[in-house]
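Here is the structure we will look at, set down as structure tokens.
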Amino acid sequence: MRAAVVVFPGSNCDRDMAVALRAAGADVQMVWHKDAAMPDNIDLVAVPGGFSFGDYLRCGAIAAQSPICKAVVDHAQRGGYVIGVCNGFQVLTETGLLPGALMRNFNLKFICKDVDLVVKTSHSAFTSGYGADDTVCYPVAHHDGNYSIDDEGLAQIKDQDRIAFTYANNPNGSVADIAGVLSENRRVLGMMPHPERAVDTGHGGTDGQALFRGLFDQMVAA
Amino acid sequence: MKARVYVMLKNGVLDPQGEAVRHALGTLGFDGVQGVRQGKVIELDLADGTSEETIAQMCEKLLANTVIESYRIEVQ
């Protein structure tokens with residue numbers, strides 16, 4: 001599996017993401033926001049967490065207009081795999097690759113803690129390493145993780161089995177407890193919790209490993 | 001020329017910040033504040049002759065996230 005991790009000014013989970021991908025066996029390259037194209041033969045693009053462009057205007061809004069994001073959208077439209085975590089999820093909704101938007105947490109607080117998530121579908125490369133209804137524990141660290149989507153959009157992602165993860169105890173006010181959503185072709189995943197911060201015993205938990213290993217297995221099989 | 005863009009959360013989208021401000025006004029003793037909506041004002045200094053249509057494109061592409069926000073343009 002060849003993976004590219006996008007780096008914006010203000011990204012701060014980019015190297016964690018690279019470490020997690022490499023630990024799962026991926027060949028990882030970092031790509032800078034000013035780059036206009038992905039390296040050749042990339043299977044997976046990871047958009048990491050952080051505070052791209054200082055979260056100015058809206059979280060992810062400026063990053064979504066950067067040259068590399070056009071390449072991310074092209075990659076997704078060619079059927080490539082994309083994972084966006086935390087700020088990366090915000091960026092992916094701003095590009096329109098994923099539906100909905102991330103708003104300020106309902107209690108207005110920055111939430112930084114481990115949370116239990118329910119895997120809602122194992123029918124995706126990202127969640128194939130889990131069973132449906134498995135509970136996993138990943139950290140969250142966000143101020144704007146309150147997932148918002150209109151009723152029509154919600155009905156659609158439910159009907160299409162595109163809710164990847166929900167919170168066991170909703171920390172931020174997200175509609176239908178949604179923590180992660182898939183694109184229609186199931187190859188783009190956005191999620192607020194951080195699987196890359198749960199891949200080493202030193203992190204306090206390793207529940208995230210199965211996500212990266214599952215991805216790797218799917219890519220090798222493909 | 002100058003233009004002002006008002007960006008607000010759409011009606012029906014819960015505004016947690018506005019709600020906190022409403023609560024704080026009540027705490028200060030201002031009775032009867034039934035609702036507060038918080039938004040953004042963006043002032044644009046533009047080349048003369050910039051059309052309202054161009055400003056609307058700026059709003060659609062960047063200044064507002066039309067999934068959750070509405071905008072209003074005021075050319076001055």
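The values are calculated or read from the model by the stated rules, or taken from the named source; none is laboratory data. Since this is a predicted model, take the numbers as computed values, not measurements. Every residue, glycine as well, gets a Cβ built from its backbone with ideal geometry; the counts of neighbours run over all protein chains shown.
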Task: Contacts under 7 angstrom Cβ, first residue in the stretch A:87-99 being within 19 Å of A:His194 (Cβ to Cβ) and in contact (Cβ under 8 Å) with a residue 40 or more places away in the chain, partner of a type in the set (Phe, Trp, Tyr) and not in a helix (DSSP H, G or I), 6 or more apart - done: A:Asn87/A:Phe51
Open item on the list: Just to be sure I understand, how many residues within the stretch B:45-70 are more than 14 Å from every other protein chain (Cβ to nearest Cβ) and touching a helix residue (DSSP H, G or I) at 6+ places or on another chain (Cβ under 8 Å)?
Closed with: 1
Open item on the list: When you check A:Asp159 against the structure, is it of a type in the set (D, E, K, R) and on the phi > 0 side of the Ramachandran plot, yes or no?
Closed with: no
Task: Pairs where the first residue, in the stretch A:134-145, is in contact (Cβ under 8 Å) with a residue 60 or more places away in the chain and the second is of a type in the set (Ser, Thr, Tyr), C-beta under 9 Å, 6+ apart - done: A:Val136/A:Tyr130
Task: Residues located in the stretch A:17-69, provided they are at positive phi and not in a loop (DSSP other than H, G, I, E, B) - done: A:Gly50, A:Phe53, A:Gly54, A:Asp55
TODO: Can you tell me which residue among B:Ile42, B:Ile73 is away from chain A (no Cβ under 14 Å) and among the β-branched types (Val, Ile, Thr)?
DONE: B:Ile73
- [ ] Within the stretch B:1-43, count every residue that is in contact (Cβ under 8 Å) with a residue 24 or more places away in the chain, part of a loop (DSSP other than H, G, I, E, B) and touching a Leu at 6+ places or on another chain (Cβ under 6 Å).
- [x] 1
- [ ] Among the residues of the stretch A:171-185, write down those that are surrounded by fewer than 22 Cβ atoms within 10 Å (Cβ to Cβ) and either in contact with a strand residue (DSSP E or B) (Cβ under 9 Å, 6 or more places away or on another chain) or within 14 Å of another protein chain (Cβ to nearest Cβ) (or both).
- [x] A:Gly173, A:Val175, A:Ala176, A:Asp177, A:Ser183
- [ ] For residues that are among the aliphatic types (A, V, I, L, M) and facing chain B (nearest Cβ under 10 Å), scanning just the stretch A:74-114, find the one that is surrounded by the fewest Cβ atoms within 10 Å (Cβ to Cβ).
- [x] A:Leu108
TODO: For residues that are under 13 Å from the mean Cα position of the chain (by Cα) and not in a helix (DSSP H, G or I), tally how many sit in the stretch B:46-72.
DONE: 8
Task: Inter-residue pairs, beta-carbon under 9 Å, first at pLDDT 95 or above and in the stretch B:44-57, second of a type outside the set (S, T, N, Q) and assigned to a helix (DSSP H, G or I), 6+ apart - done: B:Leu44/B:Ile55; B:Leu44/B:Met58; B:Leu44/B:Leu63; B:Leu46/B:Ile55; B:Ile55/B:Leu63
Task: Search result, residues across the stretch B:19-39 that are of a type in the set (A, V, I, L, M) and either within 11 Å of chain A (Cβ to nearest Cβ) or within 15 Å of A:Arg104 (Cα to Cα) (or both) - done: B:Ala20, B:Val21
Task: Filtered residues of the stretch B:9-18 (kept if more than 9 Å from chain A (Cβ to nearest Cβ) and either farther than 15 Å from B:Lys40 by Cα or among the polar types (S, T, N, Q) (or both)) - done: B:Asn11
